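The values are calculated or read from the model by the stated rules, or taken from the named source; none is laboratory data. Just so it is clear, the structure is predicted and the values come from calculations on it, not from any experiment. In this analysis, Cβ positions are derived from the backbone assuming ideal geometry, glycine residues included, and neighbour counts consider all displayed protein chains. What goes into the accessible areas is simple: the full protein's heavy atoms, side chains included, and nothing from ligands, DNA or RNA. Shrake-Rupley method; radii C 1.70, N 1.55, O 1.52, S 1.80 Å.
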Amino acid sequence: MSIACLSDQDARQIATTLRMLAVDAVEQAKSGHPGLPMGAADYATILWHEFLRFDPDDPSWPNRDRFVLSAGHGSMLLYGLLHLYGFDLPLDELRRFRQMGSRTPGHPEFGHTPGVEVTTGPLGQGFANGVGMALAGFMANSRLATATFRPLTYRVFGIVGDGDLMEGVSAEAASLAGHLRLGNLVYLYDDNQITIEGATSLAWSEDVRRRFEAYGWQVQKVDGHDYAQIRAALSAACAETDRPSLIICRTTIAQGSPGKAGSAAAHGSPLGKVEAAATRRNLGWPEELFHIPEQVLELCRARVMQVQKQHRIWKNQLRTWRRSEPELAKLWDQCWQGTLPKNLAQELLTAVGKGEEATRSLSGKALNRAAALIPSLVGGSADLAPSNNSWLDGETAVAPGEYGGRNLHFGVREHAMAAALNGMALAGCWRPYGATFLAFADYCRPAIRLSSLMKLPVIYLFTHDSIFVGEDGPTHQPVEQLASLRLIPGLQVIRPADGPETALAWTLALERHDGPTALILTRQKLPPLPRIEGFDPLTIRRGGYLLADCVGRPDLVLLASGSEVSLAVTVARELAANGIAARVVSVPCLELFIAQSAAYRRRLLPGRVPRVAIEAGRGMPWWQLLGSNGHFIGIEEFGLSAPEHDLAAHFKLTSAQVTERIRVLLRREA
């Protein structure tokens, strides 16, 4: 709640400082978005100075309020706030806005700038990230709170713009937040009615208030430049604990600019030297660039002292709670530190067994064993849990007002699910996963890309991984998705072929803390693979390994992933019957295999020996391994609606057809 009310004069002084810092930084960079920071400065001032809990000396304080600038193009507003309120962002960094190596990039980047909670810019993503953050807080409190102390009472505050609310991901996320009654979520909507092309009325005429009320949100509407209205609305939003809140702030873009206020010209371009000077005169501001009045610094320092006192009180309460609740304290440490059992790989290998099963089924066994060992592991599916095998047995589901479960029902909302998973990972405490069909990974792609940019250890489960989905037809048969996911920098893509590979895939995903992992899983059953004598399952960690070999130097190396590995083994036997010695290398993860030493790869892939990769999808990423004398056997077109075995024959992926294709290739090159 509000603890340090500003006079209108003081609030105006801070807001004007924020406006002019944005004007000067954008002007100096000769690029940027001055309009939103200038228009949003008034309500941002009240939010940060009177409501937001933070500690610039400890930006990762677990119980801090999270601030999400979903309208990330207005980044100079956030940078100005971080500087004024004592974060490690010197004024020289504001002067270096959008320059190489600065801490003030064009859009806020998590992990790059102290105090930035989330990478934003792709509109709507920040909105959905905040929903995940809010959900994570409620879930943690349900597991950790006692009658005398609730360790996590943070709220998620955010600024969203017209573009955020136009993007479909925000609609999905808003619907989910309203359904779950996330009363710790408060968004201020910068309703300036301007987009890049002009007035929002060019393409938008909906009633935002009624839409969000229909989602189950508390909605208020205020003059975004009236401090009393802003304060009253934020107080009412914080008092509402059973619904998320949207405060529609009617603002003027580029407020204070005499020539460009209310104009699309101020959205994504500098005001210009003449207009910047006119704005200074209009606001009564000194000529000095990046000027910050001493009075503003004193006000902000006083606010910092207040919130740091709150932090000290919380730490004392946490220490008392830890002493009185040792089991909950242990759970806190396990969740926040991401503790994993030392024998995780062996536990998961035991869990999957050795039978003939679909890798989605094997994944479900590994997931459930992992969840029994790792209390921070939580997640769900986009209404596909029975198909994805993503349900945690024996655990309850999160529901409106009931947040103690570990299973999440995201509904048919892949966009929101993936973005909310990012928010949960950013919030801390939880290790989230989400599941859907691989054909629908494209709905998740913007959020997956941001997972990689932010190096978040989110786990994505994608089942029904090829044309062998069968009768559902080409709309549900992924062809290009696997290759497409491999093109995302930093995403670890693992397509296991049987039980041991699935167990190690989960092990690798859970052990990774510097980026996301996508597990690609079959619907159809796969046979357990025969392996060379003395095989160590931990070799699978290398991403590619020797599965079956021949006597002496091979005439051919077969590489494959997932369901095509057993096909490659069969083909190798049939080639051997024709006098062709073939080696089989299973490659569940191209990224990890390519990252191995050149010497390791040479041992598996001898020079001048032809290489053939087999995978039921497009082949482009495989060429990193195949070289000039390599070949790819896969699918370069959309699938068909037909039974699985008919599809294999049509696309020439039966063992007999692949064997013959390879024999023809070798004769041609002889």
Output the 0 to 90 degree angle, nearest 10, between the alpha-carbon long axis of helix 8-29 and the longest principal axis computed from the alpha carbons of the chain.
50
Lys/Arg +1, Asp/Glu -1 at C-beta; the chain dipole; positive extreme among G268, I633, Q310
I633
Relative contact order computed over region 52-114 (Cα-Cα under 8 Å; 6+ residues apart), in percent:
27
What are the radius of gyration and Dmax of region 213-291, computed over its Cα atoms and given in Å?
17.2, 49
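Counting only protein heavy atoms, what percent of the accessible surface of the chain is carbon or sulfur at a 1.4 Å probe?
Details: 12800 of 25050 Å².
Its accessible area is 51 percent carbon and sulfur atoms.
Taking the Cα centre as origin and putting +1 on Lys and Arg beta-carbons and -1 on Asp and Glu beta-carbons, what dipole magnitude results for region 1-100, to the nearest 20 debye?
In debye, rounded to 20, region 1-100 gives about 360.
Grab the DSSP H runs of the chain that are 4 residues or longer, score each as -39,500 (n - 2.57), total them, divide by all residues and round the 222 nm result to the nearest 500 deg cm²/dmol. All intermediate terms of the calculation are to be shown ahead of the outcome.
Numbers: 25 runs with 295 residues, N = 670.
That calculation yields -13500 deg cm²/dmol at 222 nm.
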Phi angles of region 367-381, converted by Karplus (6.51 cos²θ - 1.76 cosθ + 1.60, θ = phi - 60°) into ³J(HN,Hα) in whole Hz with x for Gly and Pro, give 4, 5, 5, 4, 5, 5, 9, 10, x, 7, 7, 9, x, x, 9
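Could you put W622, W336 in order of accessible surface area, largest first, with the 1.4 Å probe and the full protein assembly present? Please list the in-between numbers first.
Working: W622 0, W336 70 Å².
In descending accessible area the options line up as W336, W622.
Before anything else, pin down the relative contact order of the chain: Cα pairs under 8 Å, at least 6 apart, normalised by residue count, whole percent.
Values: 1405 pairs, mean separation 77.5, N = 670.
It rounds to 12 percent for the chain.
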Once phi is turned into θ = phi - 60°, what whole-Hz ³J(HN,Hα) does the Karplus curve with 6.51, -1.76 and 1.60 give for every residue of region 526-531, x standing for Gly and Pro?
10, x, x, 8, x, 10
Of Y215, Y227, which has the most accessible area with a 1.4 Å probe, and how do the rest follow in descending order?
Y215, Y227
Cα axis of helix 414-427 to longest principal axis of the chain: angle in degrees, 0 to 90, nearest 10?
70
In whole Å, largest first, what are the principal axis extents of the Cα atoms in region 1-110?
39, 32, 23
By how many degrees, 0 to 90 and rounded to 10, does the Cα axis of helix 168-180 deviate from the longest principal axis of the chain?
80
For the pair E197/R281, report the inter-label distance in nm, with labels modelled 7 Å from Cα in the Cβ direction.
3.6
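Taking the Cα centre as origin and putting +1 on Lys and Arg beta-carbons and -1 on Asp and Glu beta-carbons, what dipole magnitude results for the chain, to the nearest 20 debye? Provide the component values of the computation, followed by the final result.
Values: 67 positive and 68 negative charges, 318 e Å.
I would put it at about 1520 debye.
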Nearest 5 percent is fine: what portion of the DSSP beta bridges confined to the chain is antiparallel?
10
For A145 and D393 in one chain, what is 0.36 nm times their gap in residues minus the Cα-Cα distance, to one decimal in nm?
86.9 nm
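Highest mean first, how do 381-392, 229-240 rank when packing is the count of other Cβ atoms within 10 Å averaged over residues?
Values: 381-392: 20.6, 229-240: 18.8.
The packing order, highest mean first, is 381-392, 229-240.
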Report the Cα-based extents of region 436-537 along its three principal axes, largest first, to the nearest Å.
43, 38, 18
I'd like to know how region 279-425 sits against the 2.2 N^0.38 Å rule of thumb: what's its Cα Rg over that expected value?
1.66
Using only the Cα atoms of the chain, what are the Rg and Dmax in Å?
27.8, 90
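Between R210 and V551, how high is the FRET efficiency from 1/(1 + (r/R0)^6) when r is the Cβ-Cβ distance and R₀ = 56 Å? Nearest 0.05.
Working: r = 75 Å, r/R0 = 1.34.
Here the calculated transfer efficiency is 0.15.
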Bin width 10 Å, origin at 0, all Cα-Cα pairs of region 482-586: what percent of pairs per bin?
14, 43, 31, 11, 1
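Ignoring ligands, DNA and RNA, how do D226, D393 rank by accessible area with a 1.4 Å probe, largest first?
On the way: D226 55, D393 110 Å².
Of D226, D393, the descending order of accessible area is D393, D226.
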Output ordering of 312-325, 176-189, 623-636 (per-residue mean of other Cβ within 10 Å, highest first) is 176-189, 623-636, 312-325
Just to be sure I understand the model, the point goes 7 Å from the Cα along the line to the Cβ. What's the resulting E471 to H645 distance in nm?
1.5
Tell me, Kirkwood radius of region 513-670 from alpha-carbon pair distances, in Å?
16.3
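Cβ neighbours within 10 Å, averaged per peptide: list 345-353, 200-208 in order, most packed at the top. Please list the in-between numbers first.
Values: 345-353: 19.2, 200-208: 11.8.
Top of the packing list down: 345-353, 200-208.
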As an exercise, take the mean of 1/r over every pair of distinct alpha carbons in region 321-368, invert it, and state the Kirkwood radius in angstroms.
13.0
On each of the three principal axes of the Cα atoms of region 195-340, give max minus min coordinate, whole Å, ordered largest first.
63, 46, 37
Of all alpha-carbon pairs in region 525-593, indicate the percentage at a distance above 19 angstrom.
30
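Counting heavy atoms of the protein chains only and a 1.4 Å probe, report the per residue accessible area for the chain as a whole number of Å². Let's see the in-between values first.
Details: 25050 Å² over 670 residues.
For the chain, the per-residue accessible area is 37 Å².
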When all C-alpha to C-alpha distances in region 371-516 are sorted into bins of 10 Å, what percent of pairs does each bin hold, rounded to whole numbers?
12, 43, 37, 9, 0
I'm a student and want to see the number: the projected area of the Cα convex hull of region 426-488, averaged over all directions, in nm².
4.4
Percentage relative contact order, region 149-244, counting C-alpha pairs under 8 Å, at least six apart:
34
If you consider only alpha-carbon coordinates, what radius of gyration and Dmax does region 110-194 have, in Å?
14.2, 48
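What do you get for Rg/Rh over region 509-551 if you use C-alpha atoms and the Kirkwood form of Rh? Walk me through the numbers before you get to the answer.
Working: Rg = 13.8 Å, Rh = 13.3 Å.
Rg/Rh: 1.04.
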Spin-label proximity, R573 to region 479-499 - amide N less than 20 Å from point 7 Å beyond Cα toward beta carbon
497-499
Find the centroid of the Cα atoms in region 624-639 and in region 136-192, then give the distance between the two in whole Å.
45
Using θ = phi - 60° and the Karplus relation 6.51 cos²θ - 1.76 cosθ + 1.60, list the HN-Hα couplings for region 43-51 in order, rounded to whole Hz, with x at every Gly or Pro.
6, 5, 4, 5, 4, 6, 7, 10, 10
Describe numerically, in nm with one decimal, the distance between label points set 7 Å from Cα along Cα→Cβ at R512 and at Y600.
1.5
